[in-house]
Structures are given as structure tokens and as C-alpha cells.
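Structure, as C-alpha cells:
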Amino acid sequence: MNEIHCHQCGGFIGGDPRSIAYRLPADTVLMVAPHSGRCACEPPVLYQAPPGYLSSPGMPSLGNSRV
């Protein structure tokens, strides 16, 4: 199983994954390097699309699309 680390503080996210705040990635966001400590953020932050994002109607696409 993969460990999930907060992109805001770098700490390990344990417990209920439904409490994670997903934010769309941006070029200006600097993610902190993962470390072995626990995340103390409320809520933990991941700069990525949430589970099920690509199957949600009306959501903007991530990545570059070519026409």
C-alpha cells in the first residue's frame, strides 16, 4: 500500500482519507518533501485531482489536450 503525504507540510496522512482537501495543481505551488512525521494540517492537502474526478461531468480537464 502506498503512503499518502500532505503536500502542504510533507507529513504522513493517516486515518480517514475523506478528510483530505484536494486542490487542483498549479504551476505556482511548491510541494514540501515527504517525511516520516504525521501531518498536523487540518485538513491535509493534496494538489491533485480527487478520486473520481475524471468521471465527474462538467469538470475541467487536467493536462494538455491537442485539437
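A quick yes/no check of all residues on (1) closer than 20 Å to ASN2 by Cα; (2) at pLDDT below 85:
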| site | (1), (2) |
| --- | --- |
| ASP16 | yes, yes |
| SER19 | yes, no |
| TYR22 | yes, no |
| VAL32 | yes, no |
| SER36 | yes, no |
| CYS39 | yes, no |
| LEU46 | yes, no |
| ARG66 | no, yes |
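Please determine, by comparing only the residues of the stretch 48-64 that are at pLDDT below 80 and surrounded by 13 or more Cβ atoms within 10 Å (Cβ to Cβ), which one is farthest from the chain's Cα centre (by Cα).
Per the stated criteria, the residue is MET59.
The values are calculated or read from the model by the stated rules, or taken from the named source; none is laboratory data. These numbers were taken from a predicted model, which means no experiment stands behind them. Positions of Cβ are generated from backbone atoms using ideal geometry, with glycine treated the same way; all protein chains shown enter the neighbour counts.
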